[in-house]
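Visitor: Following this message is one structure expressed as structure tokens.
The values are calculated or read from the model by the stated rules, or taken from the named source; none is laboratory data. Computed from a predicted model, the values in this text were never measured in an experiment. Reconstructed Cβ throughout: ideal geometry from the backbone, glycine too, with neighbour counts over all protein chains shown. Just so you know, the surface numbers come from the protein's heavy atoms only, side chains and all, with ligands and any DNA or RNA stripped out. Shrake-Rupley method; radii C 1.70, N 1.55, O 1.52, S 1.80 Å.
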There are 2 protein chains.
Amino acid sequence: MSLFSGNGREPSSFVAFAGNALDRRSEHRDDSVLAEALESGAMRAYAIRQGRTYLVRNGSGFEGLHRREALEALQPDFDNAILLGYAENDAPRLAVPVARDPDSLPDTIKAIDNRSIYVQGLLQGAELSQLAQAASLLTWAQSHRFCGRCGATTVPKAGGYRRECAGCGNQLFPRTDPVVIMLAVDEKTDRCLLGRSPHFAQDMYSCLAGFLEPGETMEEAVRRETLEESGIHVGRVSYYASQPWPMPHSLMIGCYGEALTDRIDADTRELEDCRWFDRAETADLLSRRAGEGGPCSPPPGAIAHHLIRHWVDNG
Amino acid sequence: MSLFSGNGREPSSFVAFAGNALDRRSEHRDDSVLAEALESGAMRAYAIRQGRTYLVRNGSGFEGLHRREALEALQPDFDNAILLGYAENDAPRLAVPVARDPDSLPDTIKAIDNRSIYVQGLLQGAELSQLAQAASLLTWAQSHRFCGRCGATTVPKAGGYRRECAGCGNQLFPRTDPVVIMLAVDEKTDRCLLGRSPHFAQDMYSCLAGFLEPGETMEEAVRRETLEESGIHVGRVSYYASQPWPMPHSLMIGCYGEALTDRIDADTRELEDCRWFDRAETADLLSRRAGEGGPCSPPPGAIAHHLIRHWVDNG
């Protein structure tokens, strides 16, 4: 029996921020790679300041990558740049923190927060996925400027992929926070469980989700989070897809949960509503966007959208 | 069609460190829970110092949990204790850092490094899984005593599950590092790909593994790590099981990878050997332990063991 099923594109390839095709060469990051990359005429970089990315206007759209000469105008901090990897023909791709005031930019450049870039689809495909890597790493680096063990300053190493404490020598590595996001499904009554956080866009319902904690498996985290947020007990758990999520640096792990109970007792501090949707209601919800009136789903780039869609079509 | 398959125990329930059944009440961690837990006569705690856990001799075996009175002799730092959750009857379970010199302990207590506790099976089941949570959290707390943003001191909040910077107010949350661990399988020739790190026990072969990086899906990480370490290209990826791994605080994500190529070009800095094993060789390897002569597998608690075993039995 094959361990692999299906011959189509894998579910994780359909979500926003997936498809980063850079050659990361993670085993070859020594302390010379960044300087070499900065010397390369083929180098292109994402420029980011405090969660806002500086995009280049390109006709009616935007591009994320800047050439070295264009970066100079943005007050780049090359000492704290991070080497993401290499595109075709060994062309280096970097993340560069910049200091230029976003309100004083030329008309050809616009500083846009990363969530809006995703929601409005201003970048897509490989550029959006590389921006996820860039934004996650710069946020991590900026929140690890000092050593958590001794409080001394840390300095970047290995193309920015490691930081080292100048005091005690402690080594720091990039952080990625696993989050479980799950659709609990009651197969007997053909319904799925969706909730509304008060932070959501108006009328939006989505899968429940929460950070995986130390000392639990993915499946245990799915059962714990579903129980804590909704009061619903989950039995079997089935992994579906994952998604990089750069706000600030998570891995969304998308699963289905087999609902064993149906009486909802929602945590009202986390959710302002939580209820069962039958298949027809759920199909309606997928067809609506925020602001169209009536419950709507997260946008098609979100892993929650794909979990809900796959259940409606195949569950 | 059901989204869930199988009716047996889920694969993630067979690995060491799984099965932590504490009620974590993660949504109810306020700043009073730790003091309340310390007042409870039903409180029991794991005592840890620098990666070594203080076990209580119990006949021919060991126990991990200490009562409050027994902790006092170990120089406990209750201010930096962490509330893990609640056992039956609301009995609090804590992780407590202790300072007592491991060389001056009474005969009834022994300080043992956490890897040995796992390898030698000194704790098992729920106690071992709760120790995973305790050890991961204490390591995280001790490596985040200072704020990475401003260098000021951080203080524990929310029963130790959050730290807050006394300088800038930055909030720090426990860290869990996702690691992909995968068995690449060539279904045409019925072989699997195993490697040997120079750090492994003698003659041991295991699955390839590596940290998931910012900006990649689980499947992308499986393909990248396999390619970088072995030169083998992987197509489809199938999730199998996950495992909490408290050295220091990882989540092992176990997958199968469909090998598309068969010429190995191993990264010799990472691996001292990497080769294909047919099904009979792999069954032999599972039946041997380190030191018995000939290639052996990781022990039965390791997720790698389960990935290999499941392929031998069902692949």
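Visitor: Probe radius 1.4 Å, ligands and nucleic acids left out: which of A:Ser2, A:Ser129 has the largest accessible area, and how do the rest follow? Could you put the intermediate results ahead of the total?
Guide: Numbers: A:Ser2 50, A:Ser129 0 Å².
The ordering from most to least exposed comes out as A:Ser2, A:Ser129.
Visitor: Next up: By how many degrees, 0 to 90 and rounded to 10, does the Cα axis of helix B:218-230 deviate from the longest principal axis of chain B?
Guide: Once rounded, the angle reads 60 degrees.
Visitor: What distance in nm separates the simple spin-label points at B:Asp103 and B:Arg115, each placed 7 Å from Cα in the Cβ direction?
Guide: Result for the modelled spin labels: 2.1 nm.
Visitor: How far apart, in nm, are two points set 7 Å out from the Cα along the Cα-to-Cβ line at A:Asn314 and at A:Met1?
Guide: Modelled inter-label distance: 1.8 nm.
Visitor: Give the carbon-plus-sulfur fraction of the accessible surface of region B:166-205 in %, rounded to a whole number; probe 1.4 Å, heavy atoms of protein chains only. Provide the component values of the computation, followed by the final result.
Guide: Numbers: 880 of 1650 Å².
In region B:166-205, the share of accessible area belonging to carbon and sulfur is 53 percent.
Visitor: Could you pull the accessible area for B:Lys110 with a 1.4 Å probe, rounded to 10 Å²?
Guide: We get 90 Å² for B:Lys110.
Visitor: Just how large is the dipole of the protein assembly as shown about the Cα centre, in debye to the nearest 20, putting +1 at every Lys and Arg Cβ and -1 at every Asp and Glu Cβ? Working shown, then result.
Guide: On the way: 66 positive and 88 negative charges, 149 e Å.
Computed about the Cα centre, the dipole is about 720 debye.
Visitor: When the dipole is taken about the Cα centre of region B:140-190, and only Lys, Arg (+1) and Asp, Glu (-1) are charged at their Cβ, what size is it in debye, to the nearest 20?
Guide: Numbers: 7 positive and 5 negative charges, 119 e Å.
Charge dipole, region B:140-190, about its Cα centre: 580 debye, nearest 20.
Visitor: Additional query: Can you tell me the accessible area per residue over region A:187-315, all protein chains present, probe 1.4 angstrom, in square angstrom? Working shown, then result.
Guide: On the way: 4980 Å² over 129 residues.
Counting only protein heavy atoms, the per-residue value for region A:187-315 is 39 Å².
Visitor: With unit charges on the beta carbons (Lys and Arg positive, Asp and Glu negative) and the dipole taken about the Cα centre of region A:120-202, which residue among A:Thr139, A:Gly167, A:His199 sits farthest to the positive side?
Guide: The residue sitting farthest along the positive end of the dipole is A:Gly167.
Visitor: Sequence gap at least 6, Cα distance under 8 Å: using those rules, report the relative contact order of region B:61-119 to the nearest whole percent. The partial results should precede the final answer.
Guide: On the way: 43 pairs, mean separation 15.7, N = 59.
Here the relative contact order equals 27 percent.
Visitor: Taking a probe of 1.4 Å, how large is the accessible area per residue of region A:1-135, in Å²?
Guide: On the way: 6530 Å² over 135 residues.
For region A:1-135, the per-residue accessible area is 48 Å².
Visitor: Find every distance from the label point of B:Gly121 to the corresponding label point in the other copies (7 Å from Cα along Cα→Cβ) and write them in nm, one decimal, shortest first.
Guide: Ordered by increasing distance: 5.7 nm.
Visitor: Once you have all Cα-Cα distances for region B:260-315, histogram them in 10 Å bins from zero and send the whole-percent values.
Guide: Whole-percent P(r) values from 0 Å outward: 21, 46, 32, 1.
Visitor: Let me ask something else. Under a cut-off of 12 Å between alpha-carbon atoms, report the aspartates and glutamates in cross-link reach of A:Lys188, not counting same-chain residues fewer than 8 places apart.
Guide: Answer for A:Lys188, where 12 Å is the Cα cut-off: A:Glu258, A:Asp262, A:Asp278, listed by chain and number.
Visitor: Would you be so kind as to list the residues of region A:160-204 that have their accessible area lowered by at least 50 Å² in the full protein complex compared with their chain by itself (1.4 Å probe)?
Guide: A:Arg175, A:Thr176, A:Glu187
Visitor: With chain B treated as a Gaussian network of Cα nodes joined by springs under 10 Å, which of B:Gly215, B:Gly167, B:Gly41 yields the largest mean-square fluctuation?
Guide: B:Gly215
Visitor: By the gyration tensor of its Cα atoms, with a ≥ b ≥ c the square roots of the eigenvalues, what is the shape of region A:95-167: rounded for a/c under 1.5, prolate for a/b over b/c, or oblate? Each step should come with its number before you reach the end.
Guide: Values: a/c = 2.82, a/b = 1.88, b/c = 1.50.
It comes out prolate by the Cα gyration axes.
Visitor: Here's a follow-up. Using a 1.4 angstrom probe and counting only protein chains, how large is the accessible area of A:Phe173 in Å², to 10?
Guide: Counting only protein heavy atoms, A:Phe173 exposes about 100 Å² to solvent.
Visitor: Can you list residues whose amide H is under 5 Å from B:Ser250's amide H, if they're 5+ apart or on another chain and H is modeled 1.01 Å from N?
Guide: Under 5 Å from the amide H of B:Ser250 lie the amide H atoms of B:Asp177, B:Trp245, each far enough along the sequence or on another chain.
Visitor: Tally Lys/Arg at +1 and Asp/Glu at -1 over every other residue whose Cβ is under 12 Å from the Cβ of B:Cys207; what's the total? Write down the numbers at each step before the final one.
Guide: Working: positive: B:Arg196, B:Arg309; negative: B:Glu225, B:Glu229.
Net charge in that neighbourhood comes out at 0.
Visitor: Stokes-Einstein at 10 °C, 1.306 mPa s, Kirkwood radius from Cα pairs: D for the protein assembly as shown in µm² s⁻¹?
Guide: Values: Rh = 25.8 Å.
Value of D from the Cα-based Kirkwood radius: 62 µm²/s.
Visitor: Given the C-alpha centroids of region B:35-78 and region A:24-46, what is the distance between them in whole angstrom?
Guide: 49 Å
Visitor: Of all alpha-carbon pairs in chain B, indicate the percentage at a distance above 31 angstrom.
Guide: Working: 19440 of 49455 pairs.
Looking at chain B, the distances longer than 31 Å represent 39 percent of pairs.
Visitor: Angle check, please: helix A:125-142 long axis (alpha carbons) against the longest principal axis of chain A (alpha carbons), in degrees 0 to 90, nearest 10.
Guide: That helix lies at roughly 70 degrees to the long axis.
Visitor: Find the all-direction average of the projected area of the Cα convex hull for region B:146-252, expressing the result in square nanometres with one decimal place. Mind dumping the intermediate values first?
Guide: Numbers: hull surface 38.7 nm².
About 9.7 nm², averaged over all directions.
Visitor: Here's a follow-up. For chain B, with a Gaussian network of springs between Cα atoms less than 10 Å apart, report the residue from B:Ser136, B:Ser32, B:Ser13 with the top mean-square fluctuation.
Guide: For chain B, modelled as a Gaussian network with Cα springs under 10 Å, the answer is B:Ser32.
Visitor: Carbon-plus-sulfur fraction of the accessible area of region A:22-156, 1.4 Å probe, in percent? Numbers along the way, then the final one.
Guide: On the way: 2660 of 6120 Å².
It is 44 percent, rounded to a whole number.
Visitor: So, in Å, what gap is there between the alpha-carbon centers of region B:128-205 and region A:220-273?
Guide: Cα centroid of region B:128-205 versus Cα centroid of region A:220-273: 22 Å apart.
Visitor: Given a 1.4 Å probe and the protein chains all in place, what does the accessible area of A:Asp284 round to, in Å² to the nearest 10?
Guide: A:Asp284 has an accessible surface of roughly 80 Å² with all protein chains in place.
Visitor: Here's a follow-up. Report the charge-dipole magnitude of region A:250-315 in Debye, nearest 20, computed about the Cα centre from +1 at each Lys and Arg Cβ and -1 at each Asp and Glu Cβ.
Guide: Details: 7 positive and 12 negative charges, 49 e Å.
That gives region A:250-315 a dipole magnitude of about 240 debye.
Visitor: Chain pair A, B: how much accessible area is buried, both chains summed, with a 1.4 Å probe, in Å² to 100? Walk me through the numbers on the way to the answer.
Guide: On the way: alone 16030 and 16030 Å², together 26180 Å².
In total, this chain pair buries about 5900 Å².
Visitor: Relative to the first principal axis of the alpha-carbon coordinates of chain A, what is the inclination of helix A:303-314, with its axis defined by its Cα atoms, in degrees from 0 to 90 and to the nearest 10?
Guide: The angle comes out at about 40 degrees.
Visitor: Something else now. For chain B, calculate the relative contact order in percent as a whole number, restricting contacts to Cα pairs under 8 Å that are 6 or more residues apart. Present the calculation step by step, with values, prior to reporting the outcome.
Guide: Working: 635 pairs, mean separation 54.2, N = 315.
Taking the mean separation of contacting Cα pairs over the length of chain B, I get 17 percent.
Visitor: Shifting gears a bit: If eta is 0.890 mPa s and T is 25 °C, what Stokes-Einstein diffusion coefficient results for region B:189-286, Kirkwood Rh from Cα pairs, in µm²/s?
Guide: For these conditions, the coefficient is 172 µm²/s.
Visitor: Okay, next question. If you bin the C-alpha pair distances of region B:1-121 every 10 Å from 0, what whole percents do you get?
Guide: 12, 37, 32, 13, 5, 1, 0
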